[in-house]
Amino acid sequence: MQAETKTTIDRISGTNGSPIAVLRFTGDISSASKESVIGAWQTVNKGGPVLLDFSKVDYINSSGIALIIQMLIEADKTGQKVAAFGLTPHFQKVFAMVGISKYAGLYQDEKTAASSL
Amino acid sequence: MTETASTSVEVRIPSRLGFEKVAMATAASVAKLRGFSNERIEDLKTAVAEACINAIEHGNKLNEKLSVGVILSASDHELEVKVVDNGAGISKLPSKPDIDRKVHGEEDPRGMGMFLIQALVDEAEWVHDSKGTNSYVRLVIRLDKENE
């Protein structure tokens with residue numbers, strides 16, 4: 001019943017030419033997404049900035065939010081900058097309510113998000 | 001505005017994670033038929049999903065022999081949702097989550113569900129019977145001012 005989460009990893013160049021890892025999520029982000037989401041994070045957990053792409057995510061619940069916070073915990077430990085884009089207005093509001101926007105900037109599109117890092 | 005009769009819809013879902021999306025979609029359909037704005041419908045969807053997840057995980061403890069009841073009652077100006085499970089309910093609402101404590105590892109990263117419910121709907125109350133074998137959360141969401 002829970003839609004599968006697929007996470008792909010891209011590498012792009014930031015405005016100053018420095019590499020940025022982009023985690024692109026597809027499907028739902030829920031308790032069933034741990035392996036996909038945290039597994040992908042562990043492959044980019046090397047100190048560089050990370051973008052989170054939610055443009056193909058249909059549903060995020062509180063367990064999914066907890067996974068995003070787990071990524072922010074790891075980013076805080078390593079000093080990695082994180083930004084997110086592609087959230088619907090509703091989930092932008094939810095992310096702001098729970099405080100995620102304090103630790104990861106929320107942007108409309110990839111270009112704006114990348115330029116913030 | 002012409003008054004229309006109140007509507008009641010009931011759904012029962014198994015105590016299996018993922019099925020909260022059935023309740024969420026049903027609530028969204030009822031709210032749309034009643035003229036709720038997209039923004040209010042999105043708020044409702046998240047609140048209903050979180051209430052069902054709590055009922056599945058904590059109320060019915062993922063026992064698939066038990067079901068979660070979702071009763072939607074719509075009037076012209078508001079939609080009431082009751083999410084019923086077989087658990088003992090909660091005796092005390094959890095404190096508001098603290099993102100700083102969570103990010104610094106001082107608080108469990110989980111535990112956002114009840115906070116989101118309270119933040120997204122106009123009324124939320126948790127009710128349990130004296131025997132501790134049945135409880136429900138009652139949510140009320142009202143039409144936004146633009147549509148009144």
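Throughout, read-outs are computed from the coordinates displayed, never taken from laboratory work. In this text the structure is predicted, and so the values were computed from the model without any measurement. Neighbour counts run over all protein chains shown; Cβ positions are idealised from the backbone, glycine included.
Let me know the charge dipole size of region A:6-115 about its Cα centre in debye, to the nearest 20, where only the beta-carbon of Lys, Arg (+1) and Asp, Glu (-1) is charged. Once rounded to the nearest 20, the dipole reads 160 debye.
Two numbers describe the Cα atoms of region A:6-115: Rg and Dmax, which are 12.6, 37 Å. Along the axis of the charge dipole computed for region A:6-115 (Cβ charges of +1 for Lys and Arg, -1 for Asp and Glu, origin at the Cα centre), the listed residues A:12, A:61, A:90 are led at the positive end by A:12. Per residue, the convex hull spanned by the Cα atoms of chain B amounts to 118 cubic angstrom. Net charge near residue B:63: determine it from the other residues with C-beta under 13 Å of the C-beta of residue B:63, scoring Lys and Arg +1 and Asp and Glu -1. Summing Lys/Arg as +1 and Asp/Glu as -1 gives 0.
For residue B:106, the shell of other residues with beta-carbons less than 13 Å away shows a net charge of -3, using +1 for Lys and Arg and -1 for Asp and Glu. What does the net charge come to around residue B:46 if you take all other residues with beta carbon closer than 12 Å to its beta carbon, with K and R at +1 and D and E at -1? Counting the neighbours of residue B:46, the net charge comes to -1.
Diffusion coefficient (Stokes-Einstein, Kirkwood radius over C-alpha pairs, 10 °C, 1.306 mPa s) for the protein assembly as shown: 82 µm²/s, rounded to a whole number.
In chain B, Cα pairs under 8 Å separated by at least six residues give a relative contact order of 27 percent.
Assign unit charges at the C-beta atoms only (+1 for Lys and Arg, -1 for Asp and Glu), then state the dipole size of the protein assembly as shown relative to its Cα centre in Debye, rounded to the nearest 20. Mind showing how you got there, number by number?
Working: 30 positive and 35 negative charges, 141 e Å.
In debye, rounded to 20, the protein assembly as shown gives about 680.
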